[in-house]
Structure formats: structure tokens, C-alpha cells
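Visitor: This is the structure I have questions about; it appears just below.
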Amino acid sequence: MAPGSALIPRLIDLSPGTEALRYCFALPAHPESVAGARRLTRTRLDEWQVDAETHDAAILIVSELVTNAVVHTASERVVCELRCLDRRLRIAVQDQGHQPDGPKLCRTADDEHGRGLLLVDALSSAWGSRDAGDGSGRIVWAELPHGTERSC
């Protein structure tokens with residue numbers, strides 16, 4: 001199924017004439033899908049020859065955002081998009097959640113839970129969330145600067 005279809009919505013719109021490397025995949029919202037998301041992300045970033053630091057940070061961010069979507073929403077599926085444009089890597093994860101406020105940093109997390117967004121915040125140059133335009137859920141995104149061995 002092509003990205004942008006009814007089953008895999010386009011998460012990020014590009015301006016006319018803009019070229020980007022873009023990869024989108026959908027997985028069931030099950031705990032075992034987190035490992036699948038890491039594997040798919042690792043494979044694509046290897047193909048794009050993203051530098052090692054960005055590569056490792058991106059895999060961790062995808063893992064955290066997909067985990068949050070699986071654990072904190074009643075979604076049936078999670079859609080992840082990677083986009084490489086202008087020396088930036090943008091990660092976007094869409095779930096089917098409808099929380100009014102979206103995800104929040106929890107700086108007082110004393111246990112294993114609640115640290116995912118702290119990691120995303122520490123590793124990314126910017127991150128945020130927004131409602132999906134069609135009312136189908138929420139998109140949480142993060143951006144990383146990157147270098148590549150080839151022009152990305």
C-alpha cells in the first residue's frame with residue numbers, strides 16, 4: 001500500500017517542488033510491534049546512510065514514541081513516518097488516541113515509567129504533538145539534525 005493511502009495516511013505535507021526521502025509504515029498497536037518499528041527504522045536509516053549518532057537516537061525515539069502510542073492509547077494501529085530533508089530527520093508517529101491535552105513531559109518520574117518523553121526531549125532538537133487533521137488521532141513528532149555520507 002502506498003504512503004498517503006486511506007490505510008497509511010500522509011503525516012507530513014511537503015511544499016511543491018520539495019524533495020525528501022520519506023518512509024512510512026503501519027503496525028498493529030501491540031507491544032511486540034515496538035521491536036518491529038525499531039527494525040524497520042534501523043533498516044531504512046542504514047539505507048539512507050544517516051550518521052551513527054542520529055541513527056542511534058532516531059531508533060530510540062521511534063521506540064519511545066511507538067511504546068507511548070501502544071501503552072497510552074486504545075489504538076488498533078500505529079503509523080510511523082521518517083522523513084529526511086534539509087539535513088534534518090523528522091520522525092512522526094500517529095496513533096488513534098483522542099486525549100485532549102496530548103503527551104506531556106513528566107520530570108518527576110521516579111520509576112521506570114514516564115521517562116520516554118524525557119529521552120525524546122533530550123535527544124531531539126525539537127518535538128511536539130498535534131491532532132491529526134482528519135480527527136483520526138494524534139501525531140507526535142521529533143526532529144534531529146543529521147549528517148550523511150551522501151546528500152539527503
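Visitor: Suppose accessible area is computed on protein heavy atoms with a 1.4 Å probe; arrange 76, 64, 47, 81 from highest to lowest.
Guide: 76, 47, 64, 81
Visitor: Could you tell me the accessible area of residue 87 in Å² (1.4 Å probe, neighbours in place), rounded to the nearest ten?
Guide: The accessible area of residue 87 comes to roughly 120 Å².
Visitor: Based on the mean of other Cβ atoms within 10 Å per residue, sort peptides 88-95, 34-41 so the most packed one is first.
Guide: Per-residue mean Cβ counts within 10 Å order the peptides as 88-95, 34-41.
Visitor: Moving to a separate point now. Order the following by accessible area, largest value first: 32, 143. Probe radius 1.4 Å; ligands, DNA and RNA are ignored.
Guide: In descending accessible area the options line up as 32, 143.
The values are calculated or read from the model by the stated rules, or taken from the named source; none is laboratory data. In this text, all values refer to a predicted model and were calculated from it rather than measured experimentally. Don't worry about glycine lacking a Cβ; one is built from the backbone with ideal geometry, like all the others, and counts go over all protein chains shown. These accessible areas exclude ligands, DNA and RNA; they are computed on the full protein's heavy atoms, side chains included. Shrake-Rupley method; radii C 1.70, N 1.55, O 1.52, S 1.80 Å.
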